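Read through the structure below, which is laid out as structure tokens, and then see the notes.
The values are calculated or read from the model by the stated rules, or taken from the named source; none is laboratory data. Every value quoted in this text rests on a predicted model; they were computed, and no experiment measured them. Every residue, glycine as well, gets a Cβ built from its backbone with ideal geometry; the counts of neighbours run over all protein chains shown.
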Amino acid sequence: MRRTLLIAALVGSLAACAAVPGRITWPSGDSPPAPAASPTTTPPITPSATPTPTPSPTRAALTAPEAARALRTWVSTYNATLRKPKWWRQNARLDALFIEGALHEGVLERNHEDFGRKPGHKPINLTTDPVIYLPRPEKQPAIGDWFIAQATYKDTKGHARPHVLAFFRSPGQPFRLAVATPIHWGRRMPKPLLDADGHVTDMDDDLAAAVAKEYQNFWNHEKKEGASGYRLAKDSFSRKAFPAVYKGLYVRFARHGSIFGFRTADGGSFLLFALLNNNKSVNQVLSEALLVPKGSRTIQELGANWFS
């Protein structure tokens, strides 16, 4: 598993962040199928040394049932927080729920308020039992535990659809959301390669780094497309979104957050991460759920979420 867990101590103040007002609104993923005819100081997220994934003798191994309960507990806390007045301006509430790209969404909600827009976050009501994707205990990083969950609930437009979310916790702390996105209509999560105990198998480190870099290259136009060795599929969300976004206020993505993922049953790789602005110019967060089939250099987009 790629250990780019850029989860540093959350210090500073969200209020000190000089966020650039965001004016661009882009739908979360693509459009739902047509009915059938007649019948975000933003606490700094500073790149740190890649931790070595060694088992911790001081904490118990996370199990899938515990991860599922942690997801439900987080959802309850999240929904309760959304009922609090101006929750996006309360640093302690944001820190209790979010890290990385998800934390930046709190800053963006402040922009929404400043421009008279309604909050973009909606309550989550799970309609199915979550599917948990969990690495082996000894594959968890020394700095904490993570898991990925697939859960079905309504998106921001009121359509029930599968979402994929990644959570992380430091030792002794509750799980917080790092990245989440709905799955595109017509797409589905790939089957993971599981070991005998039902744990997911590590993804390819080099592939994960190259794919994340290609998305940053594409959005920032830093290098020729494909310079990383990979290329976005023609029907990707980013290809559709970029022309519209580029005409408006756009702030470069400075980096990507932690990469969560696993190898798929057919030998491919599933990746989940968010592209993030510089902390002083938070204007948007782009979350990506991606699949690279075995032996392929084309990045297939399973889900994407633009929050601005």
Taking the condition of being touching a helix residue (DSSP H, G or I) at 6+ places or on another chain (Cβ under 7 Å) and either more than 19 Å from LYS213 (Cβ to Cβ) or of a type outside the set (A, V, I, L, M) (or both), how many residues in segment 250-276 meet it?
8
Reported set for segment 134-166 where residues are over 16 Å from ALA67 (Cβ atoms) and modelled with pLDDT of 95 or more is THR152, PRO162
Qualifying position, being surrounded by fewer than 24 Cβ atoms within 10 Å (Cβ to Cβ), at pLDDT below 90 and touching a helix residue (DSSP H, G or I) at 6+ places or on another chain (Cβ under 8 Å), among SER281, SER238, SER228:
SER238
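Can you tell me which of GLN216, GLN300 is among the polar types (S, T, N, Q) and part of a helix (DSSP H, G or I)? Give the derivation first.
Numbers: GLN300 fails: part of a helix (DSSP H, G or I).
Checking each option against the conditions leaves just GLN216.
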Are any residues in segment 287-308 among the hydrophobic types (A, V, I, L, M, F, W, C) and within 17 Å of ASP235 (Cα to Cα), and if so, which ones?
ALA289, LEU290, LEU291, VAL292, ILE299, LEU302, ALA304, TRP306
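Quick one: in segment 174-207, which of the residues that are assigned to a strand (DSSP E or B) and in contact with a helix residue (DSSP H, G or I) (Cβ under 8 Å, 6 or more places away or on another chain) is surrounded by the fewest Cβ atoms within 10 Å (Cβ to Cβ)?
Among residues in segment 174-207 that are assigned to a strand (DSSP E or B) and in contact with a helix residue (DSSP H, G or I) (Cβ under 8 Å, 6 or more places away or on another chain), the one surrounded by the fewest Cβ atoms within 10 Å (Cβ to Cβ) is LEU177.
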Condition first: in contact with a Leu (Cβ under 7 Å, 6 or more places away or on another chain) and within 14 Å of LEU271 (Cα to Cα). Now tell me which residues in segment 168-188 satisfy that.
VAL179, ALA180, ILE183
Tell me yes or no: at least one residue of segment 242-257 is at pLDDT 90 or above and either of a type in the set (Ser, Thr, Tyr) or part of a helix (DSSP H, G or I) (or both).
no
Among the residues of segment 284-296 satisfying the criterion of being out of contact with any helix residue (DSSP H, G or I) (no Cβ under 8 Å at 6 or more places or on another chain) and assigned to a strand (DSSP E or B), which is farthest from ALA210 (Cα to Cα)?
ALA289
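Answer yes if at least one residue in segment 110-133 is among the small types (Gly, Ala, Ser) and at pLDDT 95 or above, and no otherwise. Write out each step before concluding.
First, the residues of segment 110-133 that are among the small types (Gly, Ala, Ser): 116, 120.
Narrowing further to those that are at pLDDT 95 or above: none.
No, that holds for no residue.
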